[in-house]
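What follows is a short report on a single structure.
The values are calculated or read from the model by the stated rules, or taken from the named source; none is laboratory data. Keep in mind the model is a prediction, meaning the values are calculated, not measured. Here the Cβ positions follow ideal geometry from the backbone for every residue, glycine too, while neighbour counts run over all protein chains shown.
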Amino acid sequence: MALSRLTFSSNLLLIQNRLTSAALKYQKAAVPATTGLMVNTLSDDSSVISHLFSLRASSLRNEQFQRNITNVTSKIQFTDGQLAQSIDVLQRVREVTLRANDASNSSTALTQLNTQLGDLKTELMGYANAQLNNRYVFSGTATTTQPFTSSSGVVSFSSSANSTINSEYLSPTLTMAGNLDGNALFTGTSTTAASTALLTNCRNSNGVSLGIAAGNTITIAGSVGATAVSTTYTVTSTSTLADLASALQTALRAVADGDTTETATVTSGKIRVATDATNAITNLTLSISGNSTFNTAFTYSTTIAAGGNTADSNALKTAVDGEDIFDVIDDIVTAISAQSPTDIATHLARLDLGINQLSAARAKVGTRLQQLEAAGTFINQEDVRISQDLSNLQDAPMDKVLSDLVTRETALRMVYSSSQRILSAANMSLMNN
Amino acid sequence: MGSSLTIFESAISALGTNSQALSVAGQNIANVNTPGYSRQHATLAARAPQTMGGLELGLGVSVTQITRIFDQYTERRLRDANTSSGGASARYNQLASIEGAFNELGNDGISKYMTDFFNSWHDLADDPDSIPARQNVLGKASVLIDRIHSLDTTIRNARTNIDGNIKDVVAKINTIAADIVTLNEKIKTSSSEEALTFNDQRTQKVKEMAQYVNVTAFESADGVYQVYIGEGLQLVNGTGRGTLGTAPDSTNSNLTKITFALGSGTASTVTSRLTDGEIYGNLTVRDTDLVTYQSRLNELAYQIVTKVNTVHTAGYNLNSATSKYFFTTMASSTDAARDITLSSDVSGLPKALAAADAAGSLPGGNVAALAIAALMDTTVAFTTGNNTFHGFHSDLLSRVGNDAEGAKNSAEFSQSVLDQIAAYREQVSGVSVDEEQINIVKYQAAFQAASKLVAVSKEILDTLVHLGE
C-alpha cells in the first residue's frame, strides 16, 4: 500500500505497530532463555505435544518396570538362596546315608545317624518354609500360610497353600514369575499341574515307575453297592491322570444304583474316589494285564464307605516334578533302621532325583535372573533413548536461544531509536518552525 | 467602470470565506487526535457574477460546502476488519486462559497422575496383601480424581465466565445502538455542518459495535443509518431500534442464549445468527471448544471408570469378596469428569481392593492387580478411534495447544490487517497537521489581502463621497 499522505495519526499507528511487534518477539525469545525449554506452553509447538507426553509416559512407565525388575530379582535371588541351602542339606543327607550304609555300624551309631537325618529334615523344612518380608515364598499365593507342616513326623504340603505362580510385568508385553511352586520343588507334585501328568510318567508312592505304556488297557473293576463295575480304558501317549480319573468316574456313575454322584478327581497328584451317601464302593481295582507294579499300586482294598473318600496312601502318585524329598528322608530313616542296603540304595537314587529336582529349579532361576538382567539393561537403554528424544524435543539449544535473544533485543532497541527520530521529525512541523 | 460597491462586496465575501476556511482548518487541527474524525474540507467557489454595463463583474467567493473526506469503502473494510479482529482476539484470549489450565508441561497433570495410578497397581501386584501398597493405590486414585475434578471445574467456570462476558457485550451493543439512534435523530434535524460531526460520531459508533458483532450499515436517503447485525437482524431502523437480550438456555446447561426483539415485538433466539465479532468468538469458545474439551475429559474419565471396574469386579479382595466396584459406576460419559469418585466398596478400605482373580489365590494372588496395571497400555475404543488412555489424553492436550496456537495466529493476522486498514484510513481521512498549517497560511494570506481590499474600497468610497467638496 503506497503512502500518499502521511498524517500524524498514521505515523503513530505505524510506530506503535512496530514497537509492539518487536517487543512481543523479544518477549517470546526471552522465555526459552529463562526456562531452558523450547516448549513451555501447549501452543508453543502443538505438533510435538502428543509425542512429548507419550515419551514422558513411557519414561514413567519404565521407572515402574525397573522397580518391578528389582522386586522380582530380589524375590528370585532369595528363593535361589533357599534352594541352594536345601541342596546343601540334601548333600549332607546323602553323606549321612552313605555312612549309615555300612554293615559295621552299631545300632547306637545307626540311631545317631537317623537323629542327624531328622535334624537335617527339620532344617530342610525351615528352608521350605522360608519367609521374605513376612511372606512365605513357597506357598504360592497363600503367602500367610505356612506351606509345609509336620504331623506325626510326616511333612506334607498344606492344603491351604497352593502352587499358583505370581507374575509381574517387566515391560508392556513381558511378564516373569516372581515365585516358584514349592509343592513341586519339595514334594514332586503340583496342585495345578497334577491333573495334566501323563500316565506314562506315573510312579507309585515309593517313586517307582508303574510301567504304564501307550496301548495298555486298564481294566476298571469293583462294586458300587451291590452292582458290579467292569469297564476298560485304553492308554495313549497323551493320556493324563485326569483322563483316567474321568474314565473311572464315568464307570462308577454308569452303575445303575439310582444316582450319578460318585466322583473320581485328581487332588494333590493323586486320584481320589468318593461315593455318594447311599452306596459304598468295594474292591475297586485298576489293573493292567501282566503289570503287577501298577496292579499293586492301584487297588483300593479298603472299602470306601458311603459318603467317604479314599485315603492318600491308596492314591496314585504322579511323576510330574519328581520326588517328595521329605518322604525320601523318611524312607531312608526306615531303611537304615531296618538295615536294608537294598532299600537304602533305592532311596539314595530317589534322593539324587530330589537333588536334581532342586538343581533344575536353580538352573531355571539362573535363566530368569539372566532374563531379568537383560530386561533391566534394555529398560536402561530405552531410558537413554527417551531422555535423548525428550531433550531434542523440548530442551532449548542455549547458544541459539541466547543469540536469538540478543538479536531481538538489538532489533527492539533499533525500533525504539528509529521511533524516537520519527516522532522528533513529526514534531518538526510548520507549527514549531 | 465597475461599481466600488462590488469591490467592497468581493472583499467582504473574501473575508468571510477565508475566515470560514480558516475555521475548517482550525477544526481539523483541534480534532487531530479525535478517534474516528474525518478531516473536513471547505470547497470555495466564485460567486455568481453581476452584469453591469455589458460586463460581468464578480462578486467574490463563497464556501459552497464543507465536506467530510470519507471513503465509504475503506470504512466498510475497517469495520469488517474490526469484527474479524474482535472475534479472533476474543477467542484467543479465552483459549490462552484455558490453555494454562491444561498445561501439563510441568511435573503434574492428569497424564502423570494417571501413570502414577496404574503404576500403583504394579506395586500392589508385587505385594498383593500389603496394606501400605493398597493404601498407595487408593491415594493415587484420589489424586487422579481430584485433578480430573479440578480440570472439569475449570472448564465449567470458564464457560460461566464467558457467559458473563457475553451478557456484557450484549449490553454494550444495545447501548451503542441507542447512541446511533440518538445520532440519527440529530443528523435529521441538524445543519449540514453539525451533521458532519454527528456523522463522524455515528461512523465511530458503528465501528465500535463492529468489534462486538458483524455489522452492516446503510445510509438511507434522509441521512439516517439502518444498522443490521449478524444475519439480517435490524438493530437500528432510522430512529427506532431492536433490542438484543439474554436468557437462560435450558438446552445448554442454562447458559445464556441471545434473543432479539424488534421494537416491542416478541423476542426470538438468535444466538446462531451472530456469526462474527467478539460475541461470536466468545460463543465459539463456550459452545464448541470448551464443550469438546469437556466431552473428551468426560470420555477419558468414563473409560477409566469402566475399564478398571470391569476388572475389579471380577477380582477378589482380602475379605474374599468379589463383585466390588473400584470407582462409583456410571451409566454414560455425561458429566463423568465431575462425578468420578471412589466407590463406597473401597473408599477408605484398603483390604477391599481386589488384587486376586480367584478366592483360592488369596491373599497373595495378583492377577487382577496385574490386569488393572496393564490397562495403561491397553487400547480402548474412544469416539476418536482406538487409543490408550495416555494417547487419548495427549491428543486432547495437543488439540488444546493447536486451537490456542491457531487462535493466536488468527488474532495476530487479523490485528495486522486491522492496523493496515486503520493506517490507510488515516491516510485518507486523517488530519495532516502540516497540510492544515499550509491551509492556515493560505487562508490567512487571503484574509489579509481581503482586509487590505476592504481598506482600499473604503478609501475609494470615501473619495467618491467627498468628490463634490
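Odds and ends about this structure:
- Among the residues of the stretch A:46-75, those that are under 30 Å from A:Leu180 (Cβ atoms), buried (at least 17 other Cβ atoms within 10 Å of the Cβ) and facing another protein chain (nearest Cβ under 10 Å) comprise A:Arg61, A:Gln64, A:Phe65, A:Asn68, A:Asn71, A:Val72, A:Lys75.
- Pick from the stretch B:140-150, criterion out of contact with any strand residue (DSSP E or B) (no Cβ under 8 Å at 6 or more places or on another chain) and surrounded by 21 or more Cβ atoms within 10 Å (Cβ to Cβ), ranking: nearest to the other protein chains (Cβ to nearest Cβ): B:Leu144
- Selection within the stretch A:287-305 - surrounded by 19 or more Cβ atoms within 10 Å (Cβ to Cβ), at pLDDT below 80 and not in a strand (DSSP E or B): A:Ala297, A:Phe298
- The listed residues are A:Ser43, A:Ser21, and the only one of them that is more than 30 Å from A:Ala375 (Cα to Cα), within 11 Å of chain B (Cβ to nearest Cβ), buried (at least 18 other Cβ atoms within 10 Å of the Cβ) and among the hydroxyl-bearing types (Ser, Thr, Tyr) turns out to be A:Ser43.
- For the stretch B:219-278, a residue qualifies if it is touching a residue at least 24 places away in the same chain (Cβ under 8 Å) and either part of a helix (DSSP H, G or I) or among the aromatic types (Phe, Trp, Tyr) (or both), and the qualifying residues are B:Tyr225, B:Phe260, B:Arg273, B:Gly277, B:Glu278.
- Which numbered condition A:Gln82 fails, given (1) surrounded by fewer than 16 Cβ atoms within 10 Å (Cβ to Cβ); (2) in a helix (DSSP H, G or I): (1)
- Filter result for A:Asn279 (surrounded by fewer than 17 Cβ atoms within 10 Å (Cβ to Cβ), in contact with a Gly (Cβ under 7 Å, 6 or more places away or on another chain) and outside any helix (DSSP H, G or I)): no
- Note on the stretch B:111-139: residues that are more than 10 Å from every other protein chain (Cβ to nearest Cβ), of a type in the set (A, V, I, L, M, F, W, C) and out of contact with any Ser or Thr (no Cβ under 9 Å at 6 or more places or on another chain) total 2.
- For the stretch A:102-138, a residue qualifies if it is out of contact with any helix residue (DSSP H, G or I) (no Cβ under 6 Å at 6 or more places or on another chain), surrounded by 17 or more Cβ atoms within 10 Å (Cβ to Cβ) and within 14 Å of chain B (Cβ to nearest Cβ), and the qualifying residues are A:Arg135, A:Tyr136.
- Among the numbered conditions (1) touching a Leu at 6+ places or on another chain (Cβ under 9 Å); (2) part of a loop (DSSP other than H, G, I, E, B); (3) loosely packed, with under 15 Cβ neighbours inside 10 Å; (4) not small (Gly, Ala, Ser), the only one that B:Leu105 does not meet is (3).
- Taking the criterion of being of a type in the set (Val, Ile, Thr) and either under 19 Å from A:Asn133 (Cα atoms) or touching a His at 6+ places or on another chain (Cβ under 7 Å) (or both), the only residue of the stretch A:165-186 that qualifies is A:Ile165.
- Residues of the stretch B:430-468 classified as touching a Gly at 6+ places or on another chain (Cβ under 9 Å) and within 14 Å of chain A (Cβ to nearest Cβ), total: 2
- Scanning the stretch A:143-173 for residues that are surrounded by fewer than 18 Cβ atoms within 10 Å (Cβ to Cβ), part of a strand (DSSP E or B) and aliphatic (A, V, I, L, M) returns a single hit, A:Val154.
- For the residues A:Phe8, A:Phe78, the requirement of being out of contact with any Gly (no Cβ under 7 Å at 6 or more places or on another chain), within 13 Å of chain B (Cβ to nearest Cβ) and aromatic (Phe, Trp, Tyr) singles out A:Phe8.
- Being farther than 19 Å from A:Leu210 by Cα and at pLDDT 85 or above is true of A:Thr250.
- Of the residues making up the stretch B:30-65, those that are assigned to a loop (DSSP other than H, G, I, E, B), hydrophobic (A, V, I, L, M, F, W, C) and in contact (Cβ under 8 Å) with a residue 12 or more places away in the chain are B:Val32, B:Leu59.
- Flag if B:Arg68 is of a type in the set (Lys, Arg), free of Cβ contacts under 8 Å to residues at least 12 places away in the same chain and surrounded by fewer than 22 Cβ atoms within 10 Å (Cβ to Cβ): no
- Residue check, B:Lys112 surrounded by fewer than 17 Cβ atoms within 10 Å (Cβ to Cβ) and either within 30 Å of B:Val24 (Cβ to Cβ) or charged (D, E, K, R) (or both): no
- The single condition from (1) in contact with a strand residue (DSSP E or B) (Cβ under 7 Å, 6 or more places away or on another chain); (2) surrounded by fewer than 22 Cβ atoms within 10 Å (Cβ to Cβ) that B:Asp339 fails is (1).
- Just one of (1) surrounded by 15 or more Cβ atoms within 10 Å (Cβ to Cβ); (2) under 42 Å from the mean Cα position of the chain (by Cα); (3) at pLDDT below 95 fails for A:Pro32. It is (2).
- Hits in the stretch B:40-61 (condition: on the phi > 0 side of the Ramachandran plot and surrounded by 13 or more Cβ atoms within 10 Å (Cβ to Cβ)): B:Gly60
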